[in-house]
Structure formats: C-alpha cells, structure tokens
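Below is one structure, written out as structure tokens; comments come after it.
The values are calculated or read from the model by the stated rules, or taken from the named source; none is laboratory data. Predicted, not measured: the structure shown is a model, and the values here were computed from it. Backbone-built Cβ (ideal geometry, glycine too); neighbour counts: all protein chains shown. We work out accessible area using only protein heavy atoms, side chains counted, and drop any ligands, DNA or RNA first. Shrake-Rupley method; radii C 1.70, N 1.55, O 1.52, S 1.80 Å.
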There are 2 protein chains.
Amino acid sequence: MSAVKLEEFRERIRKELDTTVDFWLQHSHDPLHGGFFTCLGRDGEVYDELKYVWLQGRQVWMYCRLYRTMDRFHRPEILEAAKAGGAFLRKFTRVPGAGSGQWKCAFSLTRDGKAVKIQRTIFSECFYILAMDELSRVTGDKDMQLEAEQMMEQLISWVRGDPAGLGRPQLPGDVPTNSMAVPMMLLCLVQQLTEGGGAEVVQKYTELASWCVQQILQHIQRGGTAILENVSVDGAELPGCQGRLQNPGHALEAGWFLLQVSAQQKDEALQRTAIDKFMELPYQNGWDKEHGGLFYFLDVDGHCPTQLEWNMKLWWPHCEALIAFLMAYSHTREPALLHRFSEVFEYTFKNFPDAQKGEWFGYLTQEGKVALDFKGGPFKGFFHVPRCLYMCERILDDMLANKDRAF
Amino acid sequence: MSAVKLEEFRERIRKELDTTVDFWLQHSHDPLHGGFFTCLGRDGEVYDELKYVWLQGRQVWMYCRLYRTMDRFHRPEILEAAKAGGAFLRKFTRVPGAGSGQWKCAFSLTRDGKAVKIQRTIFSECFYILAMDELSRVTGDKDMQLEAEQMMEQLISWVRGDPAGLGRPQLPGDVPTNSMAVPMMLLCLVQQLTEGGGAEVVQKYTELASWCVQQILQHIQRGGTAILENVSVDGAELPGCQGRLQNPGHALEAGWFLLQVSAQQKDEALQRTAIDKFMELPYQNGWDKEHGGLFYFLDVDGHCPTQLEWNMKLWWPHCEALIAFLMAYSHTREPALLHRFSEVFEYTFKNFPDAQKGEWFGYLTQEGKVALDFKGGPFKGFFHVPRCLYMCERILDDMLANKDRAF
C-alpha cells in the first residue's frame, strides 16, 4: 500500500478527531458544578444529568492527553474543562469503603455530586487514577500525583491481596477468577504511571507489569486457538458460559497493550503472541462474515451467548481493532496487518460516524442499522472514539515521517 | 367472535402447554442434586449447570400449580420433580444476610448448591416464598408453609421498614424509589398466600394488599397518559432516564394483577383503571406499528432508551399481554379486548414457538428474527410461557363452559 493511502487514512482520521472533540466541547460541560454530562443525544442534547464516574475520569484523561501531546489541542478551554472535571472528581467521587480506612470511588453521581451507586469492582478507581495522573502531568500538581499512587496501592492490594474492601460477600460457589479486564486495567495504569518516568518509578512497577502480562497470557486457551475472557486463577478453563465467553474487541485491546510492552522490552516472542493470538484469533473468530463488523460476545463452542446484545456491533471493539492492527503494522510492516486495518477501517467509517450531526453512533444491529442513536450514555463517553483517532493519527504521523522504511 | 374461534384458541394453547411441559420434564431435571437446569439450548441440551434461584422457585411453583389444578398434569413425575426442587431450594438457597438474624436467598447456585451470587434486591426471596407456599399446598407440609410466611414477614420489613438487610449501602444520591416490580411482587405473594384461605389469613394481608394496589396506581403518570416504571415514593415523576422508563410488558402484567383484585373486591372503578391505564396505554405506547410485537423498553419522551435490548421483542411481555387481554375480555365481554388478544395471539404464535424443537424462543430482533435461540437461560425458565398458557386455557375453559353469556 502506498504512502498516499496512509495519508488518506490520516486525513479522514484527523477530521473525525476534530469533529469529535468539538462535539464534546460544545455539549458535555457542566458550567454549574464542573464535570461532564455524558448522556448526550444524537444532536448533543443532555437527556440525563447523571454523572458516570468511569466517563468523568476518562474524559479528564483524554482532554489532558490531547492538550499535552498535540499542538492543535493545546487550547485553554480544553485545559480548563479538564481541571474542572478533575476538581469535580476529587471533591465528590471518593466515599468511605467497606475496608477500614479504605476509599471506594462511586460509579455514578448526581449532577451536583451526590453518590448514587457504588460498584463492587475496581474500575471506577482505575479511571480515577488515570485522570489524576494525567492531570497532574499538565498542572504539575504533586498532591494529585501522590493521590493517584496511593489509590493505585489500594487497588493492587484488592487485586493481589484481600478483596474484602470491594464489598462483595465471600461465597463458597464464587470461585476466584482471572477476568481479563483486571490485569488489562492494571497494565494500562502501569503504562500511565511510568510514562516518561525515571528508572525508579519504572523499577517500582516492573514486577506488577510482568504479573499483568502473565495474567493476560493465561487467557490463551484451547491449545492456542482462542482467547477466553474468564479463566481460573491457575489459568485453566472455567465451566459454563462464563468460561466459554469470548469478547473479540476486548482481546484486540489486550493485543495492543501487549504490543506496547513487547516494544518497550524488545521482546519479539511477545510481539508475535500479541499479533497472532490477541489480534488474528479474535478477528478470525469474531468478525461477522455475513454482515461485517465484530460481534460483541461469542461462545467458543458455538452456543448462543446469554447476553442479549451478543450479536450487536458496538463502536468500541472497532476502535480497539483499528489501534491494534495499525500499531501491529507499524511495528512489523507486514502487509497483511495493514490489510486488516483497512478492512476494519472501511466497515467502521461506513457505519459508525454520524455524517449529519457529528460524533459516532455506538450501537448497531447485527446488520449494521443504528439501534441506539445517542452519542453518549452510561458507558459511551469521550474516550474510545478519540483515543482511537488520536493513537491512529500519531502512529500514521510516525510512519509518514519515516518514509524511508518500506510500507 | 364465535365460540368456535375461542375453541380454536384453546386448542392451540392446550397443545403448546403440553409441548412446553414435556420439554422441561425431559431436559431440565437434575437427578443427582435435585433442582433444575435452566440453561437449555434449542434442543434442550444443558449448556450451563448454574442454578438460578428465581427460576428454581418459579418451576417448583408452576409444577405444583399444574399438578394441583389440572387433571392431565396430576402426574407423579411432576410432583416428584417439584418436591426435589423444593428440597434443593430449602437446603441450599438461604444464606446469612447482612441484618442480624436475617436470611437472604442467593441469586445463583452451583449445580451442587454452593452460593455463587447474592443480589441486593428482594426477588430471590419472593420466588422462594411462592415455591414454598404452593408446594406446601400439595404436600400438606405445615413447616414449609410457616417458613414461607416467616420469609414474607422479613420481606415486608425490608420493603416497608428498614432495607439495610438487603446489603445496599445508603448513599445520599440514591433516593428511595417506588419501582413497580416491588408492589407487584408483594401483591402476587399476597394473592398466593391468601388463595382459598379463611377470613383470618385474608384479614392478615388486607392492609398490605391495599398498599400494593396504591403503590402500583402511583405509576399512572403524565396526566393519565403513561405508565412509568419508576416513580418517587410520593408518586411523583423522577428525573432522567430512570424516571421516563416504560416497560409495556410489565405494565400489562400489573394490569391483570389489578384486574384480579378488582374482581375479588367487586371494584368497578379499579377494573376500568386496570384496563384503560395498564392494558390499553401500554399497548398504544408499546406496540411496534412497523414490525408488530411489544418493545421491551421505551422512553416516554421519545428519547432512545439506554438499555441495549430496548427494541427487542421478548417472549414474556407477550405472555403477559395475552393473559391481560383475555382476562379483561372474560370480565367485561368487550369485543375490543378480544380483538387485542387476537392481535397479540397472532404475533406471538407466529414468532415465538419453535415448531421444530418445541418450547418458545425468548428473544427476537425488532424485525422478529430469532436473536438468541436457547429455550432457557438465566432469566427464562419454566414460568412465563406455561403460566400464560395455563391461565389462558383456564379462562377459555370458564368462558366456554358458560356459553349462555354472549361472547
């Protein structure tokens, strides 16, 4: 494929990123209480004022990342919104947890910051850390950085030590599980906390990063022919639907996480595993040969999944697939990987962007019809779309700046 | 409509009920541990051994009800399966709760009865009571009956007194809500516990029954033009998606619950409200004019619901609609209600039954294509289909036995 083609991809991606940032700048800010409305209808109208904490943290992170690393987004309004979001999070999100002296982060808050719901998982805390660390890099606020690291310590103790602080009762039938989301999130946080850091901070998290990679690799199952979403803590397959569950988009996201590690550690075997197992397999198993697009959930034995939305096409798995295949191509220059990227790109840009009103639809039927037409909801915020566009644009920038290497 | 037409309905319904009972008798029993497998694939194969407590309790109730009230199901194998299911429930479901001296019922158990998950709601307990009361009517076991009543007392105290025993943290943004499921379930349990009972037991629950009816009537909103699923405890509309949510099938189910009360109390005003507000409105607002069938969720202001499955056609709302319209017709003999029944019947029997393998599919796309092809899952068991067929058959029996009244 020619450099011209890569330029074309970049042009389209850059335009989409601009439109997406504009959409959220225009519609999602709460000038009264800070923080972000995330329930935005097709035109951007706020249809619910609840503030979902995952999405608050992610939007702060994304704004700061854009502000900090891309010239055209180094704009005061973006910084101010990120700071107001961060202040809202710090002021309202943390609530006393079940463990003595421990904090939990709420899952959702009222517009003015009253806690509505707390999940018995680690994810609100993860996105809180992501936001605080990235915001501290922009503002230079050392307290905030420290707070991120303290929350990280607590999170590690829940995952690798005693989970009682999460508030789930211990039940005899609830066997401990290695759910891929957990080591993925921790690995993502290690990447965040160590980025650009000195030897000391890298050293601090080295063992944890290796543990995360090993935990993720345990999800390669069935003699290397499938990535399963949940395995036992010993890396064995679990019985029933939970054990047979595949989430192709999630596996692809793990793929590019692993690829980043393989590049940092110059580990060619890990690079191969990331590509062959966490990209090619989910694509082979998860791509809908009839209608195109990635299924949301599949059962490795071909049973019907019990999730009602299993055959829908969601925006975020396609975002992860785009990052994964483009990054894999940029690391290896294998034409087959650029071909995969191109295929996913075609489906994604044909079906998800809303040409009339801007931003992307999030939820399509199996056949590709828009099933839910809002731009933001409890789980779709300013994150997967801009992160994908941002990362792809930067990968393309790097490749196009080094045209001496063959495409 | 002629008696011949009613006979045709009854014939088809009776045949479906026989097929459905056969399917579950053949595939769902666990001879090793008792209780029922509910994750049954299209052919009846067990694809997951987890035992979901809602569905255990419902199957015990349904088996006993069929055994006790219909001659052709007064068969030893049905009684034995119900008793084995009841024994499994009694032995394994109750686990110590958050309140001192209180029990909770688990939501799901392993095949051999180890608790896997506990929900912080009342519903497992509700279906436990339903099972115990009905089983005690068949077996004459007074202990079991007493246990049902004791669990009922605890349930009432959670709903009308202190909900702390449910294990949910009290959060400042989590305002108390009148969710229609709660008074509906309590009313259903009152009907169960008082059925055929003397003045004393009826008296015991009279105030509670009135309270349930009033709580359900609070869901008539928007100047009498919509049934909303969640309202404030004072009966006011709640903000956001939660407040605007409509669940047409659930409203129709509430409709026939209210209709039963109106008949017992000879309350014509309540009969009118049940029909006009809880049947006609959900039908008008919830029926898909383009593809037929009832939507699962709708937003009263026409926003897109955030539930990914909002536009799917599920089996159980159609079951509730069939019971509601047929019962309403049998109480009033208004031809328009039989016409509605006929319309729902046509859609339902065209799309849900599996002519090849028996039983019904549960989950269709908006267009009516089978989206999930299993016969049983975490929320679909031996309950809505047989309850609907059983009740409709009995209503038709009564009407056809009294042919002197005009149809």
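Under the definition of Cα pairs under 8 Å and six or more residues apart, what whole-number percent is the relative contact order of the stretch A:178-375?
Relative contact order comes out at 16 percent.
Peptides B:27-40, B:249-262, B:329-342: what's the order by average Cβ count within 10 Å, highest mean first?
Result, highest mean Cβ count within 10 Å first: B:249-262, B:27-40, B:329-342.
Cα gyration tensor of chain B, axes a ≥ b ≥ c as square roots of the eigenvalues: rounded (a/c below 1.5), prolate (a/b > b/c) or oblate? Since a/c stays below 1.5, the shape of chain B is classed as rounded.
Pick out, from B:274, B:215, B:186, the residue whose Cα sits farthest towards the positive end of the charge dipole of the stretch B:178-375, with +1 on the Cβ of Lys and Arg and -1 on the Cβ of Asp and Glu. Toward the positive end, the furthest listed residue is B:274.
Overall, the accessible surface of the stretch A:1-40 at a probe of 1.4 angstrom is composed of carbon and sulfur to the extent of 50 percent. Each Lys and Arg adds +1 at its Cβ and each Asp and Glu adds -1 at its Cβ; summed about the Cα centre, the protein assembly as shown shows a dipole of about 440 debye.
Reducing the stretch A:283-323 and the stretch A:212-271 to their Cα centroids gives an inter-centroid distance of 17 Å.
Close amide H partners of residue A:103, meaning residues 5 or more places away or on another chain with modelled amide H under 5 Å apart, are A:97. Computed per residue of chain A from DSSP H runs no shorter than four, each worth -39500 (n - 2.57), the mean residue ellipticity at 222 nm is -17500 deg cm²/dmol. For the listed peptides B:65-77, A:274-286, a ranking on the average number of other beta carbons within 10 Å per residue, highest first, reads A:274-286, B:65-77. Computed on chain B, with alpha-carbon pairs under 8 angstrom and 6+ residues apart, the relative contact order is 18 percent. Estimated at the nearest 10 Å², the accessible area of residue A:153 is 90 Å² with a 1.4 Å probe. Distances between every pair of Cα atoms in the protein assembly as shown, grouped in 10 Å steps from 0 to the bin holding the largest one, split as 2, 12, 21, 25, 19, 12, 6, 2, 0, 0 percent.
Total accessible area buried between chains A and B, 1.4 Å probe, in Å² to the nearest 100? What A and B bury together is about 2900 Å². Computed from point charges on the beta carbon alone (+1 for Lys and Arg, -1 for Asp and Glu), the dipole magnitude for chain A about its Cα centre is near 400 Debye.
Within 10 Å of the Cβ of each residue in A:306-315, the mean number of Cβ atoms contributed by other protein chains is 4. For the stretch A:260-407, taking the reciprocal of the average inverse distance between every pair of different Cα atoms yields a Kirkwood hydrodynamic radius of 16.5 Å. Within the full protein context, the accessible area of residue B:177 is estimated at about 50 Å² for a probe radius of 1.4 Å. Per-residue Karplus couplings for the stretch B:37-48, computed as 6.51 cos²θ - 1.76 cosθ + 1.60 with θ equal to phi - 60°, are listed in order as 6, 10, 8, 10, x, 4, 8, x, 5, 6, 9, 7 Hz, Gly and Pro entered as x.
One way to sum up the overall shape of the stretch A:178-375 is the equivalent ellipsoid from its Cα gyration tensor, whose semi-axes run 28, 21, 16 Å, largest first.
Here the dipole of the stretch A:178-375 is about 200 debye; that uses its Cα centre as origin and unit charges on the Cβ of Lys and Arg (positive) and Asp and Glu (negative). Taking every alpha-carbon pair under 8 Å whose residues sit at least 6 apart, the stretch A:278-318 reaches a relative contact order of 33 percent. For chain B, the cysteines with no partner cysteine C-beta closer than 4.7 Å are B:39, B:64, B:105, B:126, B:188, B:212, B:241, B:304, B:392. Along the stretch A:373-387 the Karplus relation, 6.51 cos²θ - 1.76 cosθ + 1.60 evaluated at θ = phi - 60°, assigns HN-Hα couplings of 9, 6, 9, x, x, x, 10, 10, x, 8, 8, 5, 5, x, 4 Hz to successive residues, with x for each Gly and Pro. In nanometers and ordered shortest first, the copy-to-copy spacing of the residue A:394 label point, defined 7 Å from Cα toward Cβ, is 6.6. With all protein chains in place and ligands, DNA and RNA left out, the 1.4 Å accessible area ranks A:43, A:143, B:354 as A:143, A:43, B:354, largest first. Sequence-ordered 3J(HN,Hα) estimates for the stretch B:208-225 from the Karplus curve with 6.51, -1.76 and 1.60 and θ = phi - 60° stand at 4, 4, 4, 4, 4, 4, 4, 4, 5, 5, 4, 7, 6, 10, 6, x, x, 9 Hz, glycine and proline given as x.
Close amide H contacts of residue B:293 (hydrogens built in the peptide plane, cut-off under 5 Å, sequence separation of 5 or more or a different chain): B:288. Residues of the stretch A:231-249 that bury at least 30 Å² of accessible area once all protein chains are present, compared with their chain alone (1.4 Å probe, heavy atoms only, ligands and nucleic acids left out), are A:241. Inter-copy label distances at residue B:260, shortest first and taken from points set 7 Å along Cα to Cβ: 5.6 nm. Each of B:306, B:347, B:132 was placed along the dipole of the protein assembly as shown (beta-carbon charges, centred on the mean Cα), and the one lying farthest toward the positive end is B:132. Distance between the C-alpha centres of the stretch B:19-98 and the stretch A:79-116: 45 Å, rounded to the whole angstrom.
Within the accessible area of the stretch B:178-375, the carbon and sulfur atoms contribute 50%, probe 1.4 Å, all protein chains present.
With label points set 7 Å from Cα along Cα→Cβ, the inter-copy distances at residue A:195 are 6.1 nm, sorted shortest first. Think of the protein assembly as shown as having a plus end and a minus end, set by charges on the Cβ of Lys, Arg, Asp and Glu; of B:377, A:285, B:173, B:173 sits farthest toward the positive end of this dipole.
Neighbouring Cβ atoms from other chains, within 10 Å of the Cβ of residues in A:367-380, number 3 on average. Along its principal axes, the stretch A:185-228 has C-alpha extents of 40, 15, 12 angstrom, given from the largest down. For residue B:117, the aspartates and glutamates whose Cα falls under 13 Å of its own Cα, not counting residues fewer than eight places away in the same chain, are A:174. Excluding ligands, DNA and RNA, the accessible surface per residue across the stretch B:116-263 is 37 Å² with a 1.4 Å probe. The per residue volume of the convex hull around the alpha-carbon atoms of the stretch B:153-271 is 116 Å³. For the stretch A:120-176 and the stretch B:372-401, compute the distance between their C-alpha centroids and round to whole Å. First find each Cα centre; the distance between them is then 47 Å.
Each residue was assigned an accessible area with a 1.4 Å probe, and for residue B:117 the value is about 100 Å². Remark: mean inter-chain Cβ contacts per residue of A:166-173 equal 6, using a 10 Å Cβ-Cβ cutoff to other protein chain atoms. Between residue A:146 and residue B:4, the distance separating the two model label sites (each 7 Å from Cα on the Cα→Cβ line) works out to 8.9 nm.
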